[in-house]
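Sending over a structure as structure tokens; questions will come in a sec.
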DNA sequence: GCATTCAGATACAACTATGTATTAGAGTTC
DNA sequence: GAACTCTAATACATAGTTGTATCTGAATGC
């Protein structure tokens, strides 16, 4: 068995312990759903969407397949819910940045923050990579995923516009395309950062990102 | 069955037709290998590495599993050969660009050309995406893939250095990191270009790439 | 032209996955 | 506390995959 990139198990949510309070059916069901979702994220990050069986997910969560099928129509169904959940959390992070005091002097810090927050734990990076690949092959899925991506793009485009205004720079009229490119750039750089941390350690990744960002948006030379 | 992104079958190589000339054993074997490799690229692009069975590959190539196992140790084995073959072809393309008359005024054209050449046919884009994901999980594979990526990075870094010199610009000392970032950027942008061609058509993709490149390397404002 | 060799086909045994149909057991309601 | 209702476990039928072991027919060499 080959050793993969280290996967951090998100440990914040719904730990396994004898519930003090007897849960209502709804609560219990919701807990099961959450556990299944968390387990799926870990399992998919470890083995890949296709190689992860429903049994893997259920087992990892401490259930059997019965529980799975009683909560989700299919693996794809669960996968989409997983992405939506993650997307919402990212959107919230971005929104928080936008709503924060927009100190116009540290755009770079903000972007670096976003970069750092975005996929701090590799699990969700991998899950999204998995999703992109899946989207290439399944038109229906692609549509749904694109909707999420475009939502994120628009948030980032707005982010860009805000900062340009703050700084008295003209808002580039390809702001949306630039936002899309930023997303691509971050993902691309993150890949190298994750898979060859010696060649591109965190500091270098952040530095090259901020070089490119500031060059692109402020015309600052490296 | 969901419709995926259209896959162009590379039709240049070793078509199926009754051979005029009787092939020698070696030639015939080589032909089989090539057919299997081509078929694998198409099949993997269509269904993904894991979901593609050895049978799929062999069948697609017009053989049975027997032929496959008599030519490759395993699916992974074939996959690596496939990547190497593709890598070599990309390296040659890049080298050709480097060796061509380095007209210093149209760096952008050259880069656009590279971008266009790089993954003109989606098959190889997808195969590489598949590889990246696989690399995250398999340390041995990751090492081999990283070696290829770093080779490409160095070529691109050299490319960047050459052009900067030509133009009398200082060669950025993070040239290698910038090369890596360029690779990431191109892959990232290409993904959106492929999966949402309405949002990011070819022209927009090229334009945003050249905006970012020229800003980064020449400090040209958009 | 006959024996040899090797590419590729076929047969086989062990495993793994999927989805459904049924069942057990616990929560809810009155 | 008895009937009812859901969640999740279990059992089952089906089907797909892998690698190896064995066989066949065509190319080669003497």
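The values are calculated or read from the model by the stated rules, or taken from the named source; none is laboratory data. Predicted, not measured: the structure shown is a model, and the values here were computed from it. Glycine gets a Cβ as well: all are built from the backbone with ideal geometry, and neighbour counts include every protein chain shown.
Out of (1) more than 7 Å from chain A (Cβ to nearest Cβ); (2) part of a helix (DSSP H, G or I); (3) closer than 20 Å to residue A:207 by Cα, the odd one out for residue B:148 is which?
(3)
Still on this structure, please answer the following. Quick test of your reading of the structure: residue B:180 fulfils all but one of (1) facing chain A (nearest Cβ under 7 Å); (2) buried (at least 17 other Cβ atoms within 10 Å of the Cβ); (3) more than 19 Å from residue A:149 (Cβ to Cβ); (4) more than 20 Å from the chain's Cα centre (by Cα). Name the failing condition by number.
For residue B:180, the failing item is (4).
Turning to a different aspect of this structure: Output the residues belonging to the stretch B:121-156 that are modelled with pLDDT of 95 or more and farther than 30 Å from residue B:50 by Cα.
B:154
Residues being buried (at least 19 other Cβ atoms within 10 Å of the Cβ), within 10 Å of DNA strand D (Cβ to nearest atom) and away from chain A (no Cβ under 14 Å): count how many of those fall in the stretch B:50-93.
4
Ok, one more. Would you please list the contacts, defined by Cβ atoms under 6 Å and residues six or more apart or on different chains, that run from a residue in the stretch A:52-68 that is closer than 15 Å to residue A:41 by Cβ to a residue that is within 9 Å of DNA strand D (Cβ to nearest atom) and outside any helix (DSSP H, G or I)?
A:58/A:64
Could I ask something else about it? Quick check on the stretch A:10-43: of everything there that is modelled with pLDDT of 55 or more and part of a loop (DSSP other than H, G, I, E, B), which residue is farthest from residue A:74 (Cα to Cα)?
Result: A:22.
So is residue B:100 more than 11 Å from DNA strand C (Cβ to nearest atom) and not assigned by TED's automatic domain parsing to the domain that holds residue B:183 or not?
For residue B:100, the condition - more than 11 Å from DNA strand C (Cβ to nearest atom) and not assigned by TED's automatic domain parsing to the domain that holds residue B:183 - is not met.
Is it the case, given these coordinates, that residue B:191 is more than 10 Å from every other protein chain (Cβ to nearest Cβ) and either part of a helix (DSSP H, G or I) or closer than 18 Å to residue A:207 by Cα (or both)?
no
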